[in-house]
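This report refers to the structure that appears directly beneath it.
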Amino acid sequence: MRWKAPLALLCLAAVAVVAVLPRRAPAPRIFAASSLTDALGELCSDYSGGSNRFALNFASSATLARQILSGADAEIFIAADPQWSRLVAKQLRIGEENIVPVASNRLVIASATCTESSADPAALLLKLASYGKIAVGDQRVPVGRYTLEALHSLGCAERLDGNLIHCQDARSILAVVDRGEAAAGVIYQSDALAGRSTRILCDIPPALHTPVVYEAALLRHHTEAADFMKYLKSARASTILDSYGFAALPRRASAGNVASFATDPALPLLSVVWLSFRVAALATAVASILALPLAWQLARNRFRSRSILIAALQVPLALPPVIVGYALLVLLGSKGPIGSLLEQTIGLSLAFNWKGAAVASAAVAFPLALRAMMLSFEAVDPHLEEVAETMGARRLQVLREVTLPLAAPGIIAGMLLAFMRSLGEFGATITFVGSIAGETRTIPLAIHSLLQSPGGETAALKLMLLSIGFAVGAVVAAEIVGRRLAVTRGG
């Protein structure tokens, strides 16, 4: 016991020393558009002399703006669309002197599978569309808005409408094109140059759309962040940006010369809800058809590798949905071993359509349905089945008249869990089939898309309330059905 007093004194001394030690200032945080991923990393490293002191966060400009306006700590915000930097500056009451244009970019048509080239971008796009889908950005994110403006200027927007894959940001377009899942994509020049196998087929004249200008906004006073803002205007920074495919600033990129947000037609909420129910219903049917017999076999049979098999079947439940979506894209995409086989044999394409959205939802909902159904079968007393068999009933008859009725509450609960999980699926869906209006844009994807533009909060809130209502309704329905079945069995 004698050692306790010296140990306590030693701990107090250590706390006192730590308290008086000089604290290192936290690293400045930079929130930047995803198309700056590679270039900004080198800029920060060059500024810091090889030891990057900055904490970087990359996403679409709209997503970053929402995060900042919701209270996320950031010293610098670099947007690929001046509208977002100006919106954040206005909300946070930041003066014009703290907003600096740092770079520009160009739109190009790029592909990893086609070698066509033309000086006429409209003719080239229409020709590429005959080979497959064209990947573009969602019209609510900067790269998508610029692309939509260019397509309207070229006069081919309506003719290409059914052949477009809408991605959530510039890097998502690059990933789709680089994998060959799309015949081509309209993408920033800097991203096209960063692709592993993507090559530029044609430039889109900058005069056809609003200039692509990256603006940096200093959000709060921070010495190192302010110095980095000055560095971004230096010739050294311009050289690095140029090496990554960014262009010199256009003359029109001056303070205050920013176009207003493009008007966007009201999202047809009813069609989004209907599509979500179609996808969820098909996903629930697929997951339940696969889970029901498997759950019965696992509940009634004991074998050496049973635990390993159950664990393997539950893995999608523990994995991030985006990994499940990527695995589906690799296997079932048009270039995947199973996907290409399905297309060649029965003409079935799953990537980037609503059937693929149902498959993605079924993949993440299946473990939930399997678990609920397996527990329900295990709760049925095997002696009741044995009694029925001794009375002359065949095994299939026992399953139909004894086992299934007794396990019905758990089976229905598993189906409802699968349905609600499918209705709320986002990560696997957007990775495997993208966000295509009227085709794969279910409720979660529509909410994400609406939050990418100012003024979309009202429609997004309506969909959120609908989702909550569906979830509450499903839980209540499961409870009611379970009680009625329990009363029926008791009677």
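Ranking of CYS202, CYS167 by neighbouring Cβ atoms within 10 Å, starting from the fewest: CYS202, CYS167. Step through the table entries LYS133/LYS355; LYS127/LYS355; LYS133/LYS462, compare each Cα-Cα distance with 20 Å, and write down the pairs that go over it. Beyond 20 Å between Cα atoms: LYS127/LYS355; LYS133/LYS462. In summary, the aspartates and glutamates within cross-link reach of LYS90, defined as a Cα separation below 16 angstrom excluding same-chain residues under 8 places away, comprise GLU75, ASP81, GLU215. Which one, (1) 22.7; (2) 21.5; (3) 34.5, gives mean projected area of the Cα convex hull in nm² as derived from the coordinates shown? Of the labelled values, this structure produces (3).
Local charge for ALA283 was computed over the other residues whose Cβ lies under 9 Å away, with Lys and Arg +1 and Asp and Glu -1, and equals 0. Calculated FRET efficiency, GLN344 to GLU116, Cβ-Cβ distance, R0 = 22 Å: about 0.40 to the nearest 0.05. Pull out a ≥ b ≥ c, the square roots of the eigenvalues of the alpha-carbon gyration tensor of the range 30-76, then state rounded if a/c is under 1.5, prolate if not and a/b is larger than b/c, and oblate in the remaining case. Oblate is the answer for the range 30-76, as a/c is 1.5 or above yet b/c matches or exceeds a/b. Report relative contact order for the range 269-490 in percent, whole number only (criteria: Cα-Cα under 8 Å, sequence separation at least 6). Answer for the range 269-490 is 30 percent. For a straight C-alpha distance cut-off of 22 angstrom, no lysines are reachable from LYS233 once same-chain residues fewer than eight places away are disregarded.
Sorted ascending by nearby beta carbons within 10 Å, beginning with the fewest, ILE468, ILE109, ILE187 become ILE468, ILE109, ILE187. Excluding the site residues themselves, the longest part of the chain lacking any chymotrypsin sites (Phe, Trp or Tyr not before Pro) in a DSSP loop with at most 13 other Cβ atoms within 10 Å is 4-302. When you filter the trypsin sites (Lys or Arg not before Pro) in the range 99-199 for DSSP loop state and at most 16 other Cβ atoms inside 10 Å of their Cβ, you are left with ARG196.
Only the coordinates and a few stated rules stand behind these numbers; no lab work does. The model shown is predicted, which means the values in this text are computed figures rather than measured ones. Cβ: placed from backbone, ideal geometry, glycine included. Neighbour counts: every protein chain shown.
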